[in-house]
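What follows is a short report on a single structure.
Values in this text are rule-based calculations from the coordinates and carry no lab data. Owing to the predicted nature of the structure, the values given are computational and were not obtained by experimental measurement. So basically every Cβ, Gly included, is an ideal-geometry build from the backbone, and we count neighbours across all protein chains shown.
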Amino acid sequence: MTVESTAARTPRRSAGSKAGTTGTKRTTSTTKKATGAGKSAEPALVQLLTPEGKRVKNAEFDRYVDGITAEELRGLYRDMVLTRRFDAEATSLQRQGELGLWASLLGQEAAQIGSGRALRDDDYVFPTYREHGVAWCRGVDPTNLLGMFRGVNNGGWDPNGNNFHLYTIVIGSQALHATGYAMGVTKDGADSAVIAYFGDGASSQGDVAEAFTFSAVYNAPVVFFCQNNQWAISEPTEKQSRVPLYQRAQGFGFPGVRVDGNDVLANLAVTKWALERARAGEGPTLVEAFTYRMGAHTTSDDPTRYRGDEERLAWEAKDPILRLRRHLESANHADEGFFAELETESEALGKRVREAVRAMPDPDHFAIFENVYADGHALVDEERAQFAAYQASFVDADGGK
């Protein structure tokens, strides 16, 4: 597997010029003509790179990426492939019994890296549990993401150290957290923005609808970034909504836009635009990154039970990493030496992650009984004693385990 790193780049800096403060208005994309009785084709979406790697023009969003350099394009490529390498290693570790569970981002790298690189250092991120690429952009060490999935900690990093909140397992609740934080940003008079990540399944949660309501009413500087990978575990999007997800924003009174989730440049541009609106006091935006989950929902899931190979193969042809590589090669922005050097670096990353996970110390087994009650409790004391006896039952006559 070919993977590249971002060793030469500052992990939290966006791949382009710093977003300005002038907002722009946008009308939502129009739906194409119906292709059958009662059924419409997918609506138009923002795309700057075709699956073949050809750069296409967009009058509204070109200005956000027109100044991007060849070095920055290589950096985006490195971000995506390095994230994929880390993700693949984590999946392998789970299969080997080293992690309890893992939620892969395979296929969603462009949505995460593009949006992640659009952020400023002072912006704040509220992720769900699959935003490994965004975490990379915010400078979170990949090994810190694995502690929770190994069961050795409750998060693994200081959220305020990178303006990247801990992973949220409860579906959709981070949208409310982001909205409240954004309302606080406004009261503080800051010009930073907030972004909340969630999936198409979470878009049906009541917490997300409440977040839309509050953010609209209070004009909160928040971007709702929905990665529509088309499957909420085994439920397709058409069982979640009768309209494209980005159109839901209209009912709450703020803009929504659909972007090609496998086009890293389009995600970079659209997210910069949405963040710019937020910083300019124009309120929330819903970005729907239309992408595809190439793998399982998590390592406990078997996607072959609910979707066919034909669909997966069709989307593999739109692979976000291959798309940018084709562009780099056709524009002579990268040579074989670049790709070969990064192949070596990718293997080093995999080795580092693997060794770091296996070296993680086991947590204190009795820590679960601490801080349950402020003043202690007889039942907790009883349960602790029962657990101690259970643990002692594994000790043999020589004191070994």
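Using only side-chain charges placed at the Cβ, +1 for Lys and Arg and -1 for Asp and Glu, the dipole size of region 116-245 relative to its Cα centre rounds to 220 debye. In terms of Cα atoms, the Rg and Dmax of the chain work out to 22.3, 77 Å.
Close Lys pairs in the chain, defined as Cα atoms under 17 Å apart and 8 or more places apart or on different chains, number 5.
Between region 89-134 and region 355-388, the C-alpha centres lie 29 angstrom from each other.
For region 274-297 and region 210-236, what is the separation of their C-alpha centers, rounded to whole Å? Taking the Cα centre of region 210-236 as reference, the centre of region 274-297 is 8 Å away.
Ranking Val357, Ala111, Asn219 by how far each Cα lies toward the positive end of the dipole of the chain (charges on Cβ) leaves Asn219 at the top.
A Förster distance of 30 Å, applied to the separation of the beta-carbon atoms of His377 and Leu166, puts the FRET efficiency at 0.65.
Under a Cβ-Cβ cut-off of 13 Å, what is the net charge of the residues other than Leu166 that fall near it, where Lys and Arg count +1 and Asp and Glu count -1? Computed value for this residue: -1.
Protection proxy ranking, highest mean first, for peptides 209-221, 95-107: 209-221, 95-107, where packing is the per-residue count of other beta-carbon atoms within 10 Å, averaged. Could you tell me which chymotrypsin sites (Phe, Trp or Tyr not before Pro) in region 277-349 are loop residues by DSSP with no more than 13 other beta carbons within 10 angstrom of their beta carbon? Within region 277-349, the qualifying chymotrypsin sites (Phe, Trp or Tyr not before Pro) (loop, at most 13 other Cβ atoms within 10 Å) are Tyr306. For region 120-158, backbone nitrogen atoms closer than 13 Å to the point 7 Å from Ala367 Cα along Cα-to-C-beta are found at 147-157.
Considering only Gln391, Ser300, Gly376, the residue lying farthest towards the positive end of the dipole of region 298-401 is Ser300, judged by Cα position with unit charges set on Cβ. Annotation note: GluC sites (Glu not before Pro) in region 343-388 located in DSSP loop regions with a Cβ neighbour count of at most 15 within 10 Å are Glu370.
Among beta bridges identified by DSSP and lying wholly in the chain, the antiparallel ones come to about 20 percent.
What you get for region 210-368, charging only the Cβ of Lys and Arg (+1) and of Asp and Glu (-1), is a dipole of about 600 debye around the Cα centre. The charge dipole of region 68-134, taken about its Cα centre with unit charges on the Cβ of Lys, Arg, Asp and Glu (plus for the first two, minus for the last two), comes to roughly 240 debye.
Remark on Leu49: its backbone amide H falls under 5 Å from those of Val56, Ala266, a criterion applied only to residues 5 or more positions apart or on other chains, H modelled at 1.01 Å from N. Available extension along the chain between Asp158 and Leu322 is 55.7 nm, counting 0.36 nm per residue and deducting the alpha carbon span.
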